[in-house]
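These notes are about the structure you will find just below.
The values are calculated or read from the model by the stated rules, or taken from the named source; none is laboratory data. None of these values were measured; they are calculated from a predicted model. Positions of Cβ are generated from backbone atoms using ideal geometry, with glycine treated the same way; all protein chains shown enter the neighbour counts.
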Amino acid sequence: MNFIFALLHRNLIASSTSAKLTLSRTVIQPTIYLLVFGHIIGRMMPGSIGYSEVMAPGMIAIAAVSAPLVTISGYILSGYFFRTMEAWLLAPVSLRTILIAMVVSGTFSGIANSLVVVLIAWLVLGLVPASVFTLLLVVAAGSLLFSLFTLTVLLLPVRPDKGQEVFSFLMMPMTFFGCTFYSFDMLEPPYRYFALLFPTTYISEGLRAAYAPTAPHMELSAVLTGLVVAAFLLFPLADFAFRRRLGHFTW
């Protein structure tokens, strides 16, 4: 447990030392998106009443998935490029403890980043979630899933920089086809089936249920069940990749 707290503290210190980059990623970028797409373009679109309630949850979903990616890839890639991974492996803890510490750190980072965007959505668009509990539940499940997903993608290839290339390939379709700027209800076949392939679809739809329970959205129980089951199934794969790549450290 002390190791997990130490990793969380290190993440906080690292964020504070790169304050400008952290501020841009967590505050400035989502503010611009919410202002331009939600406040300005949303009012100009014909029949777009309530569009802010559609796209704001998508922005929160992007925060929930991007923060674990930044946090965990920072650990792994710095360990690869700057040889800092040896310090973690020399700690008197098991590999699984290091894995859990990284997942917890990524999950907390996703929750914190999402809550910042929730605050921005309130300030810019005046949106308040109908259910804070549902919002926290969806954000936590999505952040956990993406923490495990990030570890898996980075560590399954021979080198983490190869996994980084995979992420650069995946992030654009997950952002634009994962129901972030529009709801699942707006799609028609075959695009509906394509959107089901991306985890951002379920996170965004779960957050729309938290903001506007009466508006069309995916069934909340199905969204939460899918996210939790996906995280449960992904953990053994992440654990395998972590042990395989770091059990015999050759970078």
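Criterion first (polar (S, T, N, Q), under 22 Å from ARG159 (Cα atoms) and assigned to a helix (DSSP H, G or I)) does SER109 satisfy it? It would help to see each step written out before you state the result.
On the way: polar (S, T, N, Q): yes; under 22 Å from ARG159 (Cα atoms): no; assigned to a helix (DSSP H, G or I): yes.
No.
Are any residues in the stretch 49-94 surrounded by fewer than 17 Cβ atoms within 10 Å (Cβ to Cβ) and more than 18 Å from ARG159 (Cα to Cα), and if so, which ones?
Selection gives ILE49, GLY50, ALA87, LEU90, ALA91, PRO92, VAL93, SER94.
Does THR107 meet the test of being touching a residue at least 40 places away in the same chain (Cβ under 8 Å), surrounded by fewer than 18 Cβ atoms within 10 Å (Cβ to Cβ) and not acidic (Asp, Glu)? Reasoning before the result, please.
Working: touching a residue at least 40 places away in the same chain (Cβ under 8 Å): yes; surrounded by fewer than 18 Cβ atoms within 10 Å (Cβ to Cβ): no; not acidic (Asp, Glu): yes.
In short, no.
Could you please find all residues in the stretch 218-232 being part of a helix (DSSP H, G or I) and either surrounded by 22 or more Cβ atoms within 10 Å (Cβ to Cβ) or among the hydrophobic types (A, V, I, L, M, F, W, C) (or both)?
Quick first cut of the stretch 218-232, residues part of a helix (DSSP H, G or I) only: 220-232.
If the condition is that a residue be part of a helix (DSSP H, G or I) and either surrounded by 22 or more Cβ atoms within 10 Å (Cβ to Cβ) or among the hydrophobic types (A, V, I, L, M, F, W, C) (or both), then LEU220, ALA222, VAL223, LEU224, LEU227, VAL228, VAL229, ALA230, ALA231, PHE232 are the ones that fit.
Just one of THR201, THR150 is under 19 Å from SER66 (Cα atoms) and touching a Leu at 6+ places or on another chain (Cβ under 7 Å); which is it?
THR150
Has the stretch 234-249 got at least one residue that is in a helix (DSSP H, G or I), at pLDDT below 90, surrounded by fewer than 14 Cβ atoms within 10 Å (Cβ to Cβ) and of a type in the set (Gly, Ala, Ser)?
Start the filter on the stretch 234-249 by keeping residues that are in a helix (DSSP H, G or I), which leaves 234-246.
Those left that are additionally at pLDDT below 90: 241-246.
Now narrow it down to the ones that are surrounded by fewer than 14 Cβ atoms within 10 Å (Cβ to Cβ): 244.
From the residues that got through so far, the ones that are of a type in the set (Gly, Ala, Ser) too are none.
No, the stretch 234-249 has no match at all.
Can you tell me which residue in the stretch 180-217 is surrounded by the fewest Cβ atoms within 10 Å (Cβ to Cβ), limited to those that are β-branched (Val, Ile, Thr) and assigned to a helix (DSSP H, G or I)? Full working, then the answer.
Taking the stretch 180-217 and keeping what is β-branched (Val, Ile, Thr), we get 180, 200-201, 203, 214.
Next, only the ones that are assigned to a helix (DSSP H, G or I) stay: 200-201, 203.
Values: THR200: 24, THR201: 26, ILE203: 32.
Ranking the candidates gives THR200 first.
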